[in-house]
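These notes are about the structure you will find just below.
The values are calculated or read from the model by the stated rules, or taken from the named source; none is laboratory data. What you are looking at is a predicted structure, and each value in this text was computed from that prediction instead of being measured. Neighbour counts run over all protein chains shown; Cβ positions are idealised from the backbone, glycine included. Keep in mind that these areas ignore ligands, DNA and RNA; they rest on the heavy atoms of the full protein, side chains included. Shrake-Rupley method; radii C 1.70, N 1.55, O 1.52, S 1.80 Å.
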Amino acid sequence: MTRPLPRFGTLRAALRCGAIAALALLGLSALPAARATDASAAIPTDPAVIDAQVSSLLAQMTLEEKIGQLVQVSSLSNATGPIERTNLEEQVASGQCGSMLNIIGAADTRKWQEIALSHSRLKIPLLFGYDVIHGYRTIFPMNLGQAASWDIPAIEQSERIAATEASAAGIQWAFAPMVDIARDPRWGRIAEGSGEDTFLGCAIAAARVRGFQGGGLDRTDTVMACVKHFAAYGAVQAGRDYNTTDVPEITLRQVYLPPFKAAIDAGAQTVMVAFNDLNGVPCSANSFLLDQVLRREWGFKGFVVSDWKSISQLIPHTIAADGRQACLLAYNAGVDMDMEGRIYQTYLAGLIRSGKVSSAHLDRAVSAILRAKVERGLFVDPYRFSDPAREKAAMLRPSSLEAARVLAEESCVLLKNDAGALPLARTAHVALVGPLADSARDLLGSWAGQGRASDAVTLRTALTKTLGADHVAYAEGCSFKPGDRSGFDAAVAAARKSDVVVAVLGEPWYFSGEGNCRTHLDLPGEQPALLRALRATGKPVVVVLMNGRPLVLGDTLANCDALLEAWYPGTQGGPALAKLLTGAVSPSGKLPVTFPRDVGQIPIFYNHMTTGRPQPDDQPRIQYKSNYLDVPNTPQFPFGYGLSYTSFAFSNARLSSPTLPMNGALTVTATLANTGSRDGAEVAQLYIRQLWGSVTRPVRELKGFRRVMLRKGESTALSFTLRPSDLAFVHSDMTNAPEPGRFEVFLGGDSKAPKIGEFTLLPR
Ligand code: NOJ
């Protein structure tokens, strides 16, 4: 559609009537006219009514208007990728854009919505998307840290809060949850996901969708979820972002795809493709993923958005010679919306007109996008998410900050605590040292939405408040810069005058997240030397780590008495850490990812296969077994690991039966007791191992977990149900079914939990 554009002086005057005109064109005149108040009662929820509205609109659209709905453009100022400068206003006003990303705030989303509504012929509202990854303004711990809480309701609640804030700032669609299983800590985006395990990953994926979409997409306090990155992005070779992936279909289906399915089953209606190529076909042109698996096998009815320019990247991926071919490949594979790529906008009309591609795909794609807009109530009130008063009231509510603090407490993992170095005595004089002890921005981690450093409370501030200013001597010690030892003397002097050193070390926030990968997983800069210098004072040394990935901690562990893994704990990170360090709360996090001893062990994960020549973990290296000359196979810290200030004991573990019929269920019961002297939470973890199968079976697989809070001396009964469907796995022919056979069962506080029994799954 090419219509002369009004100049922008005249544009604004015409804005107010835009939405009302849209309703008239849609034949929706019975609905209330556009207004800024909530009109949820008029928003259709009946699928038949929604479909009828979508069909009626589709029937009125020209080819160019339909293609416009498939185009998503980014604001120039908040771009999250390489961007070309174009005249955005012209594009939006002419109806050549159906969605925008990185437009933030009630005022700005209203401004752009007005531009779309006042000038485009059909006045179809824009859909505003944004990366709401671990909070919008109230920043929760980074996602890998949240996973360490194993607290599914708390994670769901964090997304409910994120949705409430984001939707009040005009955002209708979150580019989350990121559900990529990651087994390589070199990859910077491991920080954004839930770690290495598919079972835990599925539970978290579904919780995040429930949290975002709350009581329904017709509500103004929800955001539409977008599960990403489809698929196997976490398997990039050598842990280098955007790199190639080669994943056998059996592993893809067993390990990488289930969290996507879990998110879709929980109601996610949009999917973002991954940047990587998968087994030779980039995900943006991968009809196996998008057509066969997503649409045919899973019955997905929503829409698929590309990643940032990922359609045009089919050219450097070497499967498209030019933009036109890239367009054809992505469109035919089933990518519906082109994020900041301009490929559909440039080439799709020509391809359809020349009959090179079918227009049937187009109607399906446009319908799915329009359906989302109808469901979000945008045709009833296009400004319902752009309400400045609601925006002001929604941010940083005290209850949101409290939820962020509690999740931060639960996400921290105590990895070492010799001789009761922690908790600190309330009377202790503490030397608080390190580049992360007082850095508000680093607390937020990567992909921190609209989180502001000025909202975040550092450990220095919180600990000073808790212990008193005369009990905390702060010295930065060093920055992250190689060679910077300028603060060593002051840090050592502070240590000498104190009872205990708390060294807050790790990676700066920009060492993880998109495009931020590493080959060395040690503490950057002079931090190892600073730690040695502090250790040499003879004072007890507690390390608090902030980092976006598992690090190699051998030297760090050797030079400290206690180590608390804090990831990036978010806006309320300081108060959470102060409570943990002083014992007001006992650490309860458990690793959602294995910590290697050495980079050379990567990929290392708990649910690996045995090989035909397994090296027993508890024996010295045996020649001709699967091992290394220089480092044991075992990790520094296994998946599921984490200490507490109290202690727990599992007892009376039993299985309800030695056999499980194919149509039956088996119960695993046990008693969990807090046997220590403090209140605390334990994450009880149930693992199984199938001893033989038609394809090799992992040494262990997580099949259940319970996070239980117990007062000192208290105990509780645990119960897990195992059904044959829980034991299903992908076979060589890609069917997914349980196989009769013998199983071992393990129960305890980490993935090295002891065996508590065996059972046989009986044939049908
Ligand atoms: C690229 C990232 O891969 C994706 O996760 C994100 O949603 C988009 N950029 C938009 O910012």
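Round to a whole number: what % of the accessible area of the stretch 648-761 belongs to carbon and sulfur, probe 1.4 Å?
Heavy-atom surface of the stretch 648-761 belonging to carbon and sulfur, 1.4 Å probe: 48 percent.
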- May I ask you to give the solvent-accessible area per residue for the stretch 648-761, in square angstrom, as obtained with a 1.4 angstrom probe? 44 Å²
- Query: Quick one: Cα centre-to-centre distance for the stretch 625-650 and the stretch 89-106, in angstrom?
  - Reply: 51 Å
- Query: Residue farthest toward the positive end of the dipole of the stretch 648-761, with Cβ of Lys/Arg at +1 and Asp/Glu at -1: which of V730, P658, G741?
  - Reply: P658
- Shape descriptors of the stretch 307-413 over alpha-carbon atoms, Rg and Dmax in angstrom, are 20.9, 60
- Task: Note down the accessible area of K481, probe 1.4 Å, to the nearest 10 Å².
- Result: 140 Å²
- Item | the stretch 658-718-the stretch 269-315 distance, computed between alpha-carbon centres (Å) | 37 Å
- Message: In the chain, once you exclude exposed GluC sites (Glu not before Pro) (DSSP loop, at most 15 other Cβ within 10 angstrom), what's the longest stretch remaining?
- Response: 85-713
- Specify which residue in the list V236, I155, M609 is farthest towards the positive end of the charge dipole of the chain, using unit charges on the beta carbon of Lys, Arg (+1) and Asp, Glu (-1), about the Cα centre. I155
- Item | Integer Hz, Karplus 6.51/-1.76/1.60 couplings in order for the stretch 209-219, x for Gly and Pro | 5, 4, x, 5, 8, x, x, x, 6, 7, 7
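Add -39500 (n - 2.57) for each DSSP H run of 4 or more in the chain, then divide by its residues: what number comes out at 222 nm, to the nearest 500 deg cm²/dmol?
My calculation for the chain gives -7500 deg cm²/dmol from helical runs alone.
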- Message: Taking θ = phi - 60°, what integer Hz values does the Karplus form 6.51 cos²θ - 1.76 cosθ + 1.60 yield along the stretch 617-626, in sequence order, with x for Gly and Pro?
- Response: 4, 8, 10, x, 3, 10, 4, 6, 9, 6
- Message: Going by Cα centres, the stretch 553-602 and the stretch 400-439 are how many Å apart?
- Response: 9 Å
- Message: Helix 106-119 against the longest principal axis of the chain: what's the angle in degrees, Cα atoms only, rounded to the nearest 10?
- Response: 20 degrees
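For the chain, divide the Cα radius of gyration by the Kirkwood radius and give the resulting Rg/Rh value with two decimals. Please list the in-between numbers first.
Details: Rg = 27.1 Å, Rh = 27.4 Å.
Computed over Cα atoms, the ratio is 0.99.
In nm, what is the difference between 0.36 nm times the number of residues separating S651 and T760 and their Cα-Cα distance? Before the final figure, lay out the partial values.
Values: separation 109, 0.36 × 109 = 39.24 nm, distance 2.25 nm.
Length difference between fully extended and current span is 37.0 nm.
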- In debye, nearest 20, what is the charge dipole magnitude of the stretch 648-761 about its Cα centre with +1 on Lys and Arg Cβ and -1 on Asp and Glu Cβ, if you could check? 300 debye
- Query: Where q = 0.14, 0.16 Å⁻¹, what log10 of I(q)/I(0) comes from the Debye formula for the stretch 648-761, counting one point per Cα?
  - Reply: -0.58, -0.72
- May I ask which residue of S358, M339, I319 lies farthest towards the positive end of the charge dipole of the stretch 316-368, with charges of +1 (Lys, Arg) and -1 (Asp, Glu) on Cβ and the Cα centre as origin? S358
- The answer for G583, listing residues at least 5 apart or on another chain whose modeled amide H is closer than 5 Å to its amide H, is L424
- Query: Roughly how many Å² of F650 are accessible to a 1.4 Å probe, to the nearest 10?
  - Reply: 60 Å²
- Query: How much of the DSSP beta bridge set in the chain is antiparallel, as a percent to the nearest 5?
  - Reply: 50 percent
- Message: Among the listed pairs K309/K392; K579/K755; K481/K539; K66/K261, which have their C-alpha atoms separated by more than 31 angstrom in this model?
- Response: K309/K392; K579/K755
- Under Karplus coefficients 6.51, -1.76 and 1.60, residue-wise ³J(HN,Hα) of the stretch 357-374 in Hz, glycine/proline x: 10, 7, 7, 5, 4, 4, 5, 5, 5, 5, 4, 5, 5, 5, 4, 4, 5, 5
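Please state the charge dipole magnitude for the chain, taken about the Cα centre, from unit charges on C-beta atoms (+1 on K and R, -1 on D and E), reported in debye and rounded to the nearest 20.
Charge dipole, the chain, about its Cα centre: 500 debye, nearest 20.
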